[in-house]
Amino acid sequence: SMQLHQLLYEITKSLKRHICFQTPDHYLIIALYVILSYCQDEVDAVPYVHLMGAPASGKSTLLKMIELLGYRPVYAVRITDAAVVRAIDQQHGLFILDEAEELSRRRVSNDLKKIFLNGYKKGGYALI
């Protein structure tokens, strides 16, 4: 079986083929996040990763890479509250929201806030 260091190396190598980070540690952070997505049932919480950058800086490309490498990914751009709940409930995997900065531009519903405030931890739920 593949050792952790070999898995980290392979994921990092894949990321470097498509993504250019200014800080080399970011490759390791994303590689660890991808691996964590496969271990989510063994931990109490899986943090959110919020990507920030200028338009056309590669954020969506990175999210697509995470989708390809992550555990049971659900990739969404514009999604309703109910669809978020359904996607998370059905997949029990990695939820990837592209163009999340739009959430700050529009009024985010209280239901969606509840989902995000409670959805990262084991047993977290939102009554909507």
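The values are calculated or read from the model by the stated rules, or taken from the named source; none is laboratory data. This structure is a prediction, so every number in the text was calculated from the model and none was measured. Glycine also receives a Cβ, built like all others from the backbone with ideal geometry; neighbour counts cover every protein chain displayed. When the accessible area is computed, the model is the full protein with side chains, heavy atoms only, and any ligands, DNA or RNA have been set aside. Shrake-Rupley method; radii C 1.70, N 1.55, O 1.52, S 1.80 Å.
L68 - would you say it is open to solvent by 70 Å² or more (accessible area, probe 1.4 Å) and part of a helix (DSSP H, G or I)?
Criteria met by L68.
Tell me which residues, restricted to the range 75-85, are without any contact (Cβ under 8 Å) to a residue 12 or more places away in the chain and farther than 23 Å from Q40 by Cβ.
Within the range 75-85, T80 is the sole residue that qualifies.
Could you give every pair whose Cβ atoms fall below 6 Å, whose first residue belongs to the range 63-74 and is closer than 11 Å to Q91 by Cβ, and whose second residue is at pLDDT below 90 and assigned to a helix (DSSP H, G or I), counting only separations of at least 6 or pairs across chains?
R72/Q91; V74/A87; V74/Q91
Is at least one residue of the range 86-100 over 24 Å from Y33 (Cα atoms), open to solvent by 80 Å² or more (accessible area, probe 1.4 Å) and at pLDDT 65 or above?
Checking the range 86-100: not a single residue is over 24 Å from Y33 (Cα atoms), open to solvent by 80 Å² or more (accessible area, probe 1.4 Å) and at pLDDT 65 or above.
Being of a type in the set (A, V, I, L, M, F, W, C), modelled with pLDDT under 80 and exposed (fewer than 15 other Cβ atoms within 10 Å of the Cβ) is the requirement here; does L103 meet it?
yes
Is the range 31-50 home to any residue that is open to solvent by 40 Å² or more (accessible area, probe 1.4 Å), closer than 20 Å to A76 by Cα, of a type in the set (A, V, I, L, M, F, W, C) and not in a helix (DSSP H, G or I)?
yes
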